[in-house]
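The values are calculated or read from the model by the stated rules, or taken from the named source; none is laboratory data. Because the structure is a prediction, the values reported are computed rather than measured. Glycine gets a Cβ as well: all are built from the backbone with ideal geometry, and neighbour counts include every protein chain shown. The protein model used for the area step is the full one, side chains on, heavy atoms only, and it has no ligands, DNA or RNA in it. Shrake-Rupley method; radii C 1.70, N 1.55, O 1.52, S 1.80 Å.
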2 protein chains.
Amino acid sequence: MVKAAIEMDKASMLLKLLGDKTRLSMVKILEKHECCVCEFVEIFRMSQPSISQHLRKLRDVGLVKEERKGQWIFYSVNKGNEYYPFIEQILMLVPDLDDKLKKLEEQGTRISCC
Amino acid sequence: MVKAAIEMDKASMLLKLLGDKTRLSMVKILEKHECCVCEFVEIFRMSQPSISQHLRKLRDVGLVKEERKGQWIFYSVNKGNEYYPFIEQILMLVPDLDDKLKKLEEQGTRISCC
DNA sequence: TTATCATATAACTATACACTTATATAAGTG
DNA sequence: CACTTATATAAGTGTATAGTTATATGATAA
(Lines give C-alpha, C1' and ligand atoms only; values in the text may rest on other atoms or scores of the structure.)
Protein backbone atom coordinates (compact mmCIF):
# COMPACT_ATOMS: atom_id res chain seq x y z
CA MET A 1 0.00 0.00 0.00
CA VAL A 2 1.23 3.37 -1.08
CA LYS A 3 1.39 6.70 0.73
CA ALA A 4 -1.80 7.84 -1.02
CA ALA A 5 -3.68 5.09 0.82
CA ILE A 6 -6.94 5.76 2.61
CA GLU A 7 -9.66 3.71 4.27
CA MET A 8 -12.04 1.56 2.28
CA ASP A 9 -15.02 3.81 3.00
CA LYS A 10 -13.26 6.86 1.66
CA ALA A 11 -11.70 5.02 -1.26
CA SER A 12 -14.98 3.59 -2.49
CA MET A 13 -16.71 6.94 -2.02
CA LEU A 14 -14.06 8.67 -4.13
CA LEU A 15 -14.04 5.97 -6.79
CA LYS A 16 -17.79 6.25 -7.11
CA LEU A 17 -17.44 10.00 -7.42
CA LEU A 18 -14.94 9.58 -10.25
CA GLY A 19 -16.93 6.67 -11.67
CA ASP A 20 -18.84 9.07 -13.85
CA LYS A 21 -17.31 10.00 -17.17
CA THR A 22 -18.24 13.67 -16.92
CA ARG A 23 -16.81 14.13 -13.42
CA LEU A 24 -13.70 12.11 -14.16
CA SER A 25 -13.05 14.27 -17.22
CA MET A 26 -13.71 17.45 -15.28
CA VAL A 27 -11.20 16.60 -12.60
CA LYS A 28 -8.64 15.53 -15.17
CA ILE A 29 -8.98 18.89 -16.92
CA LEU A 30 -9.11 20.93 -13.72
CA GLU A 31 -5.93 19.29 -12.50
CA LYS A 32 -4.06 21.33 -15.09
CA HIS A 33 -6.40 24.19 -15.97
CA GLU A 34 -8.78 26.53 -14.25
CA CYS A 35 -12.17 26.42 -15.94
CA CYS A 36 -15.51 28.08 -15.58
CA VAL A 37 -18.88 26.45 -15.90
CA CYS A 38 -19.60 27.74 -19.37
CA GLU A 39 -16.49 26.06 -20.73
CA PHE A 40 -17.61 22.72 -19.41
CA VAL A 41 -21.01 23.30 -20.95
CA GLU A 42 -19.20 23.67 -24.28
CA ILE A 43 -16.81 20.77 -23.78
CA PHE A 44 -19.37 18.25 -22.65
CA ARG A 45 -22.31 19.68 -24.62
CA MET A 46 -24.39 19.32 -21.52
CA SER A 47 -26.88 21.64 -19.84
CA GLN A 48 -25.59 24.26 -17.41
CA PRO A 49 -27.50 22.88 -14.41
CA SER A 50 -26.15 19.42 -15.08
CA ILE A 51 -22.58 20.75 -15.13
CA SER A 52 -23.18 22.78 -11.97
CA GLN A 53 -24.52 19.74 -10.20
CA HIS A 54 -21.49 17.65 -11.06
CA LEU A 55 -19.20 20.43 -9.87
CA ARG A 56 -21.14 20.63 -6.65
CA LYS A 57 -20.57 16.95 -5.92
CA LEU A 58 -16.87 17.45 -6.47
CA ARG A 59 -16.87 20.55 -4.30
CA ASP A 60 -18.89 18.89 -1.54
CA VAL A 61 -16.04 16.48 -0.86
CA GLY A 62 -13.49 19.25 -1.28
CA LEU A 63 -11.90 17.94 -4.46
CA VAL A 64 -12.37 21.19 -6.32
CA LYS A 65 -12.56 24.77 -5.17
CA GLU A 66 -14.23 27.78 -6.72
CA GLU A 67 -13.13 31.35 -7.07
CA ARG A 68 -15.39 34.10 -8.26
CA LYS A 69 -13.90 36.53 -10.74
CA GLY A 70 -16.49 39.10 -11.61
CA GLN A 71 -19.51 37.37 -13.00
CA TRP A 72 -17.62 34.11 -13.58
CA ILE A 73 -16.77 31.40 -11.17
CA PHE A 74 -13.55 29.55 -11.86
CA TYR A 75 -13.04 26.03 -10.65
CA SER A 76 -9.76 24.28 -9.99
CA VAL A 77 -8.60 21.15 -8.26
CA ASN A 78 -8.00 21.67 -4.57
CA LYS A 79 -4.55 20.16 -4.29
CA GLY A 80 -4.52 20.78 -0.55
CA ASN A 81 -7.42 18.41 -0.02
CA GLU A 82 -6.71 15.38 2.12
CA TYR A 83 -7.81 13.08 -0.70
CA TYR A 84 -5.78 14.73 -3.42
CA PRO A 85 -2.84 12.30 -3.21
CA PHE A 86 -5.28 9.48 -3.87
CA ILE A 87 -7.02 11.32 -6.70
CA GLU A 88 -3.70 12.27 -8.24
CA GLN A 89 -2.72 8.62 -8.55
CA ILE A 90 -5.94 7.79 -10.32
CA LEU A 91 -5.68 10.71 -12.70
CA MET A 92 -2.28 9.43 -13.76
CA LEU A 93 -4.03 6.39 -15.22
CA VAL A 94 -6.40 8.42 -17.35
CA PRO A 95 -5.75 10.08 -20.72
CA ASP A 96 -5.08 13.79 -21.07
CA LEU A 97 -7.95 15.90 -22.33
CA ASP A 98 -5.89 18.91 -23.33
CA ASP A 99 -7.15 18.50 -26.87
CA LYS A 100 -10.65 19.33 -25.67
CA LEU A 101 -9.51 22.70 -24.37
CA LYS A 102 -7.39 23.25 -27.46
CA LYS A 103 -10.44 22.67 -29.59
CA LEU A 104 -12.30 25.33 -27.63
CA GLU A 105 -9.45 27.76 -28.16
CA GLU A 106 -9.47 27.11 -31.88
CA GLN A 107 -13.18 27.72 -31.95
CA GLY A 108 -12.59 30.90 -30.02
CA THR A 109 -15.03 29.63 -27.41
CA ARG A 110 -12.44 28.96 -24.77
CA ILE A 111 -12.98 32.39 -23.36
CA SER A 112 -16.38 32.96 -24.83
CA CYS A 113 -17.56 33.89 -21.40
CA CYS A 114 -14.39 34.31 -19.40
CA MET B 1 -0.03 9.08 -18.23
CA VAL B 2 1.14 5.67 -17.20
CA LYS B 3 1.21 2.35 -19.01
CA ALA B 4 -1.98 1.26 -17.24
CA ALA B 5 -3.83 4.03 -19.05
CA ILE B 6 -7.14 3.39 -20.79
CA GLU B 7 -9.86 5.46 -22.39
CA MET B 8 -12.18 7.65 -20.37
CA ASP B 9 -15.19 5.43 -21.06
CA LYS B 10 -13.44 2.36 -19.75
CA ALA B 11 -11.82 4.19 -16.85
CA SER B 12 -15.08 5.65 -15.57
CA MET B 13 -16.85 2.32 -16.01
CA LEU B 14 -14.18 0.56 -13.95
CA LEU B 15 -14.09 3.26 -11.29
CA LYS B 16 -17.84 3.00 -10.93
CA LEU B 17 -17.53 -0.76 -10.61
CA LEU B 18 -14.98 -0.35 -7.82
CA GLY B 19 -16.92 2.57 -6.37
CA ASP B 20 -18.82 0.19 -4.15
CA LYS B 21 -17.26 -0.76 -0.84
CA THR B 22 -18.21 -4.40 -1.09
CA ARG B 23 -16.86 -4.88 -4.61
CA LEU B 24 -13.71 -2.90 -3.91
CA SER B 25 -13.04 -5.05 -0.86
CA MET B 26 -13.77 -8.23 -2.79
CA VAL B 27 -11.30 -7.40 -5.52
CA LYS B 28 -8.68 -6.36 -2.98
CA ILE B 29 -9.03 -9.72 -1.23
CA LEU B 30 -9.24 -11.75 -4.43
CA GLU B 31 -6.06 -10.15 -5.69
CA LYS B 32 -4.16 -12.21 -3.12
CA HIS B 33 -6.52 -15.05 -2.21
CA GLU B 34 -8.96 -17.36 -3.89
CA CYS B 35 -12.31 -17.23 -2.15
CA CYS B 36 -15.66 -18.85 -2.46
CA VAL B 37 -19.02 -17.18 -2.10
CA CYS B 38 -19.71 -18.44 1.39
CA GLU B 39 -16.54 -16.81 2.69
CA PHE B 40 -17.65 -13.45 1.40
CA VAL B 41 -21.04 -14.00 2.99
CA GLU B 42 -19.18 -14.38 6.30
CA ILE B 43 -16.77 -11.52 5.77
CA PHE B 44 -19.31 -8.95 4.67
CA ARG B 45 -22.22 -10.35 6.68
CA MET B 46 -24.35 -10.00 3.63
CA SER B 47 -26.88 -12.30 1.97
CA GLN B 48 -25.66 -14.92 -0.48
CA PRO B 49 -27.62 -13.52 -3.45
CA SER B 50 -26.20 -10.09 -2.80
CA ILE B 51 -22.66 -11.46 -2.82
CA SER B 52 -23.33 -13.48 -5.95
CA GLN B 53 -24.67 -10.42 -7.72
CA HIS B 54 -21.60 -8.37 -6.89
CA LEU B 55 -19.36 -11.17 -8.12
CA ARG B 56 -21.35 -11.36 -11.31
CA LYS B 57 -20.75 -7.70 -12.05
CA LEU B 58 -17.05 -8.22 -11.56
CA ARG B 59 -17.11 -11.33 -13.71
CA ASP B 60 -19.15 -9.66 -16.45
CA VAL B 61 -16.30 -7.27 -17.18
CA GLY B 62 -13.77 -10.07 -16.78
CA LEU B 63 -12.13 -8.76 -13.63
CA VAL B 64 -12.60 -12.01 -11.77
CA LYS B 65 -12.84 -15.58 -12.89
CA GLU B 66 -14.52 -18.57 -11.33
CA GLU B 67 -13.46 -22.14 -11.00
CA ARG B 68 -15.70 -24.86 -9.78
CA LYS B 69 -14.22 -27.33 -7.31
CA GLY B 70 -16.82 -29.87 -6.43
CA GLN B 71 -19.81 -28.09 -4.99
CA TRP B 72 -17.88 -24.86 -4.44
CA ILE B 73 -17.02 -22.15 -6.86
CA PHE B 74 -13.77 -20.33 -6.21
CA TYR B 75 -13.26 -16.82 -7.42
CA SER B 76 -9.98 -15.10 -8.12
CA VAL B 77 -8.79 -11.98 -9.87
CA ASN B 78 -8.25 -12.52 -13.58
CA LYS B 79 -4.79 -11.04 -13.92
CA GLY B 80 -4.85 -11.67 -17.64
CA ASN B 81 -7.72 -9.26 -18.14
CA GLU B 82 -7.00 -6.24 -20.30
CA TYR B 83 -8.03 -3.93 -17.47
CA TYR B 84 -5.98 -5.59 -14.78
CA PRO B 85 -3.01 -3.20 -15.03
CA PHE B 86 -5.42 -0.35 -14.34
CA ILE B 87 -7.14 -2.16 -11.49
CA GLU B 88 -3.81 -3.15 -9.99
CA GLN B 89 -2.77 0.49 -9.70
CA ILE B 90 -5.95 1.35 -7.88
CA LEU B 91 -5.71 -1.58 -5.52
CA MET B 92 -2.27 -0.35 -4.50
CA LEU B 93 -3.98 2.71 -3.00
CA VAL B 94 -6.34 0.72 -0.86
CA PRO B 95 -5.67 -0.94 2.51
CA ASP B 96 -5.02 -4.66 2.86
CA LEU B 97 -7.87 -6.76 4.17
CA ASP B 98 -5.84 -9.77 5.15
CA ASP B 99 -7.03 -9.34 8.72
CA LYS B 100 -10.56 -10.16 7.58
CA LEU B 101 -9.47 -13.52 6.25
CA LYS B 102 -7.29 -14.10 9.30
CA LYS B 103 -10.31 -13.50 11.47
CA LEU B 104 -12.24 -16.14 9.56
CA GLU B 105 -9.41 -18.60 10.01
CA GLU B 106 -9.32 -17.95 13.73
CA GLN B 107 -13.06 -18.53 13.91
CA GLY B 108 -12.56 -21.74 11.96
CA THR B 109 -15.03 -20.45 9.38
CA ARG B 110 -12.49 -19.76 6.68
CA ILE B 111 -13.13 -23.19 5.30
CA SER B 112 -16.52 -23.73 6.84
CA CYS B 113 -17.81 -24.62 3.43
CA CYS B 114 -14.69 -25.04 1.36
C1' DT C 1 -33.56 -41.73 -4.57
C1' DT C 2 -34.21 -38.04 -1.42
C1' DA C 3 -32.00 -34.62 1.28
C1' DT C 4 -28.65 -31.18 1.81
C1' DC C 5 -25.28 -27.76 0.65
C1' DA C 6 -23.35 -24.09 -2.40
C1' DT C 7 -24.39 -21.03 -5.75
C1' DA C 8 -27.04 -18.58 -9.45
C1' DT C 9 -30.85 -16.32 -11.12
C1' DA C 10 -35.44 -14.08 -11.26
C1' DA C 11 -38.66 -10.93 -9.59
C1' DC C 12 -39.53 -7.25 -6.67
C1' DT C 13 -38.64 -2.95 -3.88
C1' DA C 14 -36.63 1.12 -2.20
C1' DT C 15 -33.24 4.35 -2.84
C1' DA C 16 -29.69 6.84 -5.45
C1' DC C 17 -28.50 9.11 -9.49
C1' DA C 18 -28.22 11.96 -13.72
C1' DC C 19 -30.71 14.77 -16.17
C1' DT C 20 -34.50 18.14 -17.29
C1' DT C 21 -37.22 22.46 -16.68
C1' DA C 22 -38.11 26.35 -13.99
C1' DT C 23 -36.59 29.72 -10.92
C1' DA C 24 -33.33 32.35 -7.90
C1' DT C 25 -29.09 34.87 -7.11
C1' DA C 26 -25.42 37.77 -8.24
C1' DA C 27 -22.56 40.46 -11.16
C1' DG C 28 -21.96 43.31 -15.24
C1' DT C 29 -23.98 46.60 -19.02
C1' DG C 30 -26.74 50.17 -21.44
C1' DC D 1 -33.05 51.55 -13.39
C1' DA D 2 -34.13 47.45 -16.43
C1' DC D 3 -31.67 43.91 -19.10
C1' DT D 4 -28.35 40.47 -19.88
C1' DT D 5 -24.95 37.04 -18.57
C1' DA D 6 -23.13 33.42 -15.50
C1' DT D 7 -24.14 30.36 -12.13
C1' DA D 8 -26.76 27.92 -8.41
C1' DT D 9 -30.56 25.66 -6.69
C1' DA D 10 -35.16 23.47 -6.43
C1' DA D 11 -38.41 20.34 -8.04
C1' DG D 12 -39.69 16.71 -10.97
C1' DT D 13 -38.77 12.42 -13.88
C1' DG D 14 -36.90 8.24 -15.58
C1' DT D 15 -33.45 4.90 -15.00
C1' DA D 16 -29.83 2.47 -12.48
C1' DT D 17 -28.47 0.23 -8.45
C1' DA D 18 -28.18 -2.59 -4.25
C1' DG D 19 -30.61 -5.10 -1.64
C1' DT D 20 -34.51 -8.53 -0.51
C1' DT D 21 -37.24 -12.97 -0.95
C1' DA D 22 -38.25 -16.91 -3.62
C1' DT D 23 -36.83 -20.31 -6.69
C1' DA D 24 -33.70 -22.94 -9.80
C1' DT D 25 -29.46 -25.49 -10.68
C1' DG D 26 -25.90 -28.51 -9.73
C1' DA D 27 -23.01 -31.25 -6.84
C1' DT D 28 -22.41 -34.26 -2.89
C1' DA D 29 -24.08 -37.23 0.97
C1' DA D 30 -27.24 -40.44 3.23
Taking the Cα centre of the protein assembly as shown as the origin, how large is its charge dipole in debye, to the nearest 20, when only Lys and Arg (+1) and Asp and Glu (-1) carry charge on their Cβ atoms? 340 debye
Would you kindly state the longest site-free stretch of chain B, with sites defined as trypsin sites (Lys or Arg not before Pro) in a DSSP loop (not H, G, I, E, B) surrounded by at most 14 other Cβ atoms within 10 Å? B:4-44
Working out 0.36 nm times the residue gap between B:ARG56 and B:ASP99, then minus their Cα-Cα distance, what length gain in nm do you get to one decimal? 13.0 nm
For the stretch B:22-100 and the stretch A:25-94, compute the distance between their C-alpha centroids and round to whole Å. 32 Å
Sorted from shortest, what are the nm distances separating the label point of A:SER52 from equivalent points in the other copies, each placed 7 Å from Cα along Cα to C-beta? 4.6
Can you give the accessible area of A:ASP98 in Å² (nearest 10), computed on protein heavy atoms with a 1.4 Å probe? 50 Å²
How large is the accessible surface per residue of the stretch B:8-107, computed with a 1.4 Å probe and reported in Å² as a whole number? 49 Å²
Under 16 Å Cα to Cα from B:LYS69, which aspartates and glutamates show up? Leave out anything in the same chain fewer than 8 places away. B:GLU34, B:GLU39
Provide the net charge surrounding B:LYS16, with neighbours chosen by a C-beta distance below 12 Å and charges set as Lys +1, Arg +1, Asp -1, Glu -1. +3
Given the stretch A:8-107, what whole percent of its Cα pairs are spread farther than 21 Å? 28 percent
Per-copy distances of the A:LYS79 label point, shortest first, in nm (7 angstrom along Cα→Cβ): 3.6
Taking the label point 7 Å from Cα in the Cβ direction, how far apart in nm is B:ASP20 from each other copy of itself, listed shortest first? 1.8
Expected integer from the mean partner chain Cβ neighbour count at 10 Å over A:94-105 is 2
Is the stretch B:18-63 best put as rounded, prolate or oblate by its Cα gyration tensor, with a ≥ b ≥ c the root eigenvalues, rounded for a/c under 1.5, and otherwise prolate when a/b is larger than b/c, oblate when not? rounded
For the stretch A:7-94, which GluC sites (Glu not before Pro) are in a loop by DSSP, counting at most 11 other Cβ atoms within 10 Å? A:GLU7, A:GLU82
Rounded to the nearest 100 Å², the accessible area hidden between A and B, summed over both chains at a 1.4 Å probe radius, is 2300 Å²
Estimated dipole of chain B in Debye, rounded to 20 [Cβ of Lys and Arg +1, of Asp and Glu -1, Cα centre]: 180 debye
Find the relative contact order for chain A and round it to a whole percent, using C-alpha pairs within less than 8 Å whose residues are 6+ positions apart. 31 percent
